[in-house]
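Here is the structure we will look at, set down as structure tokens.
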Amino acid sequence: MKIFRYILWAWLSLLAPLSAAELGDDGLHKQDWFFDSFFELFDDLNTAKEEDKILIILVEQAGCPYCRELHKVNFARSEISEFIQKHSLVVQLDLWGAREVLGFDGEALEERKWIQNQGVHFTPTTMIYDIDDDGNAIEAFRLPGYLKPFHYLSSLEYVVNGEYKKQPFQRYLQDKFAELAAKGIDPDVW
């Protein structure tokens, strides 16, 4: 009986309207707070830094169930969407797209070729960029695949708070769990 209920729930969830996102003509889910980019990535990064933000490059593809989950679950949570809007600019790229992207090195490539050169082979992939002390673009952190809301938000906080410069992500999570436990909070990580 439990399996039947789970299958029914999963099937019905596919039919449910998407929360806080619309499906674009390209088959990708869209948020109204995504950055309207000319795909000149270093310029986008500089724009983000001028606003004291980080740059998130979100790679997705049409029909991706985990991309849908990212939008329907993670981005529908106000604590995540508000954090992203306050601290970052989000540029969405299509894993199979053909638009021209001017990379951080100034080289113009088709979207899919630039993504492939970054070692991205599945979706969603969230790449978070910052600028180092010498003014160079650096990938501060990468979320390969779908992460549940707690870990997704924690990874964003990890970069925004500069913790990525001080400690590995696993240590950061262990510290965060310890702080929450000291307050008597058992976080919902699943």
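Would you confirm whether any residue within the range 126-137 is part of a helix (DSSP H, G or I), polar (S, T, N, Q) and under 18 Å from the mean Cα position of the chain (by Cα)? No: the range 126-137 contains no residue that is part of a helix (DSSP H, G or I), polar (S, T, N, Q) and under 18 Å from the mean Cα position of the chain (by Cα).
Of all the listed residues (Asp26, Asp43), the sole one being in contact with a Leu (Cβ under 9 Å, 6 or more places away or on another chain) and either within 20 Å of Leu153 (Cβ to Cβ) or surrounded by fewer than 18 Cβ atoms within 10 Å (Cβ to Cβ) (or both) is Asp43. If a residue must be in contact with a Lys or Arg (Cβ under 8 Å, 6 or more places away or on another chain) and not in a helix (DSSP H, G or I), how many such residues does the range 141-186 contain? Of the residues in that region, 0 qualify.
When the strands (runs of 3 or more DSSP E) confined to the range 78-124 are screened for residues that are in contact (Cβ under 8 Å) with a residue 60 or more places away in the chain, those reaching at least 1 such residues are found at 88-94, 100-102.
Scanning the range 165-180 for residues that are surrounded by fewer than 13 Cβ atoms within 10 Å (Cβ to Cβ) and among the charged types (D, E, K, R) yields Lys165, Lys166, Arg171, Asp175, Glu179. Yes or no: Glu50 at pLDDT 95 or above, more than 11 Å from the chain's Cα centre (by Cα) and among the charged types (D, E, K, R)? Against the criterion (at pLDDT 95 or above, more than 11 Å from the chain's Cα centre (by Cα) and among the charged types (D, E, K, R)), Glu50 qualifies.
The values are calculated or read from the model by the stated rules, or taken from the named source; none is laboratory data. All values reported here derive from a predicted model rather than from experimental measurement. As a convention, Cβ positions derive from the backbone with ideal geometry for all residues, glycine included, and neighbour counts pool all protein chains shown.
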